[in-house]
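Report on the following structure.
The values are calculated or read from the model by the stated rules, or taken from the named source; none is laboratory data. If you're wondering where the values come from, they're calculated on a predicted model, not measured in any experiment. In this analysis, Cβ positions are derived from the backbone assuming ideal geometry, glycine residues included, and neighbour counts consider all displayed protein chains.
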Amino acid sequence: MKPVFMTYTKKDLINLAVCMFLSVLIIPTFIKTEYWYTSILIPWLCLALATIGQQIVMGYTGQLALGAAGFMAAGAFAMFNLILRVPDLGFVGSLIVSGLIAAAFGILFGLPSLKVRGIYLMVATLASQFFIIWMIDKFGWFKNYDSSGIITAQDIVILGKPFTTPLAMYFVCLAVTTVLTLLAMNMARGSTGRNWMAVRDMDIAAESMGVSLLRTKVQAFAISAFYCGVAGALFAFCYLKSLEPVAFDIKLSFKILFMCILGGLGTINGAFIGAAFILLFPVLLNAIGNNVFHGAIDATIISSIEQVIFGGLMIIFMIYEPLGMAKLWENLKQIIKSKLSSSNIRSLKSVKEKN
Amino acid sequence: MAYERKFKIGKPILEVNNISLSFGGVKAITDTSFNVLEHEVRAIIGPNGAGKSSMLNCINGIYKPQKGTVSFRGQVIPNITPNIMAQMGLSRTFQNLALFKRMSVLDNILVGRKLHTKTNFLEVALQLPKVKKEEKLNRDRSEEIISFLEIEDIKDTPVGKLPYGLQKKVELGRALATDSTIILLDEPMAGMNVEEKRDMCRFILKVNDELGTTMVLIEHDMGVVMDISDRVVVLDYGKVIGDGTPDEVRSNQKVIDAYLGVEH
C-alpha cells in the first residue's frame, strides 16, 4: 500500500473537536464566575500563545532566546497606537499589524543568533527585552504623552460590535489562539518545521542539505516575535485592560521560558500544558493555604514556596524528562492504552477458559 | 569488466586545484590537486591524519582553504559554502554522523528534499493545495529511498535511538534524497561488520549504476576500496602520493611505503 500523506490524521481531528467542544460549549455553560475568565482562562490563552512563540524559536529551532516579554510589549503598544492613530484598520487588522511590528523587532534581535549560540545568545537576546521597554518609556509618543504611566486600553470593537464582557473577551482570545495554534502546527509538521529542527539538531548537516542558516534562524525569530506580539496585544487588551511597560518586565519573559520548558520543548500542546500549570499552580497553593491551613501560612511564604517548587521542578524536568509535561502526558496515554489492551486479552482468555 | 555501464565515465566534473589548508601552524593539506570524472566512483585513501576528511570539508565548503580553488563542471566556485555546493548538486555524509537526532528517519530523509521544496512558510502554515502536492511528491521520493535502503521498519523511529550501522544508512539516504549529481561519502563503512559493509557497497554501486551519481568516498578497508572504485587517490601528510586505477595504486612504491612504513 502506498502511504498517503495527510496533514491531519483522524486522531488530530478528534482532538481538535474535543478541544473546541470543551472550550466553546462546555466552559461557557458551566463556568459562570467572572473570576475564572478574567484571571485564569484569558491569561492562560494569551500566555500559551506567547509560549508557542517561545517554542518556535527555542523548542524547534534550538536558539536559546529570552526576550518574549519585550516582543509582547512591542505588540501591545503597537496595538494601542494603531487603534488610536489608524482607527480604520479595525481590531483584527491592528492585531495582525502589531504582530508584524513585533516580528520586525524579532528579525533585528534575532540577527546575533548567526554569530553566537547557547547561553551567549540568551544574553544577547536580553537586549530586546530591555531595549523595547526602554524605548517605550523614553519616548512619550508611544504612550500618547500620558503622564500617569498607566494607560487604559481601548475597548475591543470588531465589526461595530463591542466585546467588553469577560465571556466575549474570552471568545476573542480563543478565536485568535485557535487560528494561530493551527497555523503553528501546520508549520511545525511541514517542511518549515523540519528546517527548524534540522538547524536545532545539527546545523552543519542542515546547511549541507541546502537549508540556509541565516534564513531559517531569522525566520524562526520573526515568526516567534509575531506570536509574542499578538499574545502581548491580547494580554494587554483582554487581561490587563491597561498598558504599562512594567507589566512586560523580565519576570514575564522568565515565566514564558518556564512554561516552555515545563510544558516540553519542541511541542505545541506543551505550550498550553506549561502555561496552565504555571498559572494554576499558585491558585492551587493559595487554595491549600486558605482551606487546609485556614490562612495560618502567610501569603508571602506561599509565594516563596511557589518559587521553590518551580525551581525544583525545572531541575527535575531538565534531568529526568527534558521533553516536559507533554511527554509525560504521552507516556500516560501509552500506559493506559497498554493496560486496556492487556485487560482485553485477559477478558478474552477468561471467556475462552469458560468455554 | 564484462558488463556495460549505463552511464559512461565522462569528463571531469569536479576539480581540486592546488589546495593548501592549515590550522595555525599545522599543515593539513599541501598543494593538492586531483579531479573526479562524471559518473565514476572515486576513492580517497590514506593513513590516519593524511587530510582526507579535511579535503572533503574543503570541497564542501565547511573549511576555507588558504590557497587553491575548487571547480565544478569547469567553473571555479568563489566563496564556497555548504549551502552553495548543495545548490550546485553536491551532497555529502559525515564521518562522525551528523544526523538530526530527535527527528524520525523519514523526517531526516525529508530534510534532504529541502532543495526540491519551493513553498514558503506562509504557504505551509495555510496548507495551500500546492504545499500538499509538493509534500506528497517529497514523501513519495523519500519512501522510495527508504525501501531502496531496506529500512522501512524503522522509518518512524527517532534516529538517535538507532544503532550505528543503521544511522550510517540513514545518512546515505539523506544524501540520496537530494538527488545530487555528486555525493561525498566520509567513511560510509566505518564500524560496520562484513555483512553491513557488503550491503553498503551494494547500495553505493547500485546508485552509481542506476542513477549515474558520481561517488567520492573515503574508506579504510582496502579490500572494499579496490573492489568498488574506478580510480583511487592516495594522500599522505596532506600530499597526493598516488593517483590512478586500483591496480596502478596497488603497485605504486610510494603508496606501499606509506602504508607499510619504510626504513629510514
Worksheet item: Regarding residue B:71, is this residue among the hydroxyl-bearing types (Ser, Thr, Tyr) and surrounded by fewer than 20 Cβ atoms within 10 Å (Cβ to Cβ)?
Response: yes
Discussion item. Quick check on this structure: which one of B:106, B:99 is in a loop (DSSP other than H, G, I, E, B), within 10 Å of chain A (Cβ to nearest Cβ), surrounded by 18 or more Cβ atoms within 10 Å (Cβ to Cβ) and under 23 Å from the mean Cα position of the chain (by Cα)?
Written reply: B:99
Worksheet item: Do you know which residues across segment B:166-186 are acidic (Asp, Glu) and in a helix (DSSP H, G or I)?
Response: B:171
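To keep it simple, each residue is scored yes or no on (1) over 18 Å from residue B:59 (Cβ atoms); (2) β-branched (Val, Ile, Thr); (3) part of a loop (DSSP other than H, G, I, E, B).
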{"site": "B:188", "(1), (2), (3)": "no, no, yes"}
{"site": "B:192", "(1), (2), (3)": "yes, no, yes"}
{"site": "B:203", "(1), (2), (3)": "yes, no, no"}
{"site": "B:220", "(1), (2), (3)": "yes, no, yes"}
{"site": "B:224", "(1), (2), (3)": "yes, yes, no"}
{"site": "B:234", "(1), (2), (3)": "no, yes, no"}
Discussion item. If I filter segment B:146-153 for residues that are in a helix (DSSP H, G or I) and touching a residue at least 12 places away in the same chain (Cβ under 8 Å), do I get at least one hit?
Written reply: yes
Worksheet entry | Total residues in segment A:181-194, condition touching a Leu at 6+ places or on another chain (Cβ under 8 Å), within 8 Å of chain B (Cβ to nearest Cβ) and among the hydroxyl-bearing types (Ser, Thr, Tyr) | 1
Practice prompt. Kindly indicate the residue of segment B:244-256 that is of a type in the set (D, E, K, R) and over 21 Å from residue B:27 (Cα atoms) and also modelled with the lowest pLDDT among those meeting that condition.
Written response: B:250
Worksheet item: Which condition does residue B:156 not pass, out of (1) under 29 Å from residue B:205 (Cβ atoms); (2) in a helix (DSSP H, G or I); (3) at pLDDT below 95, if it passes all the others?
Response: (2)
Worksheet item: Of the residues B:180, B:142, which is polar (S, T, N, Q), farther than 17 Å from residue A:190 by Cα and within 12 Å of chain A (Cβ to nearest Cβ)?
Response: B:180
Worksheet item: Does residue A:197 qualify as being at the interface with another protein chain (Cβ under 9 Å from one of its Cβ atoms), in a helix (DSSP H, G or I) and in contact with a Phe, Trp or Tyr (Cβ under 7 Å, 6 or more places away or on another chain)?
Response: yes
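So that you can scan it fast, the table gives a plain yes or no per residue for (1) over 13 Å from residue B:105 (Cβ atoms); (2) of a type in the set (Lys, Arg); (3) within 12 Å of chain A (Cβ to nearest Cβ):
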| position | (1), (2), (3) |
| --- | --- |
| B:122 | yes, no, yes |
| B:146 | no, no, yes |
| B:156 | no, no, yes |
| B:191 | yes, no, no |
| B:194 | yes, no, no |
Practice prompt. Considering only segment B:69-96, state which residues are touching an Asp or Glu at 6+ places or on another chain (Cβ under 8 Å), within 7 Å of another protein chain (Cβ to nearest Cβ) and in contact (Cβ under 8 Å) with a residue 24 or more places away in the chain.
Written response: B:86, B:92, B:94
Worksheet, complete the sentence: Counting only helices (runs of 4 or more DSSP H) entirely within segment A:243-349, those with at least 3 residues that are touching a residue at least 60 places away in the same chain (Cβ under 8 Å) are A:250-263, A:269-291
Fill in: All positions within segment A:121-161 that are assigned to a helix (DSSP H, G or I), surrounded by fewer than 16 Cβ atoms within 10 Å (Cβ to Cβ) and among the hydroxyl-bearing types (Ser, Thr, Tyr)
none
Practice prompt. With the condition kept exactly as written, say whether any residue in segment A:37-46 is in contact with a Pro (Cβ under 6 Å, 6 or more places away or on another chain) and over 28 Å from residue B:101 (Cβ atoms).
Written response: yes
Practice prompt. Determine if segment A:163-180 includes at least one residue that is within 14 Å of another protein chain (Cβ to nearest Cβ) and not hydroxyl-bearing (Ser, Thr, Tyr).
Written response: yes
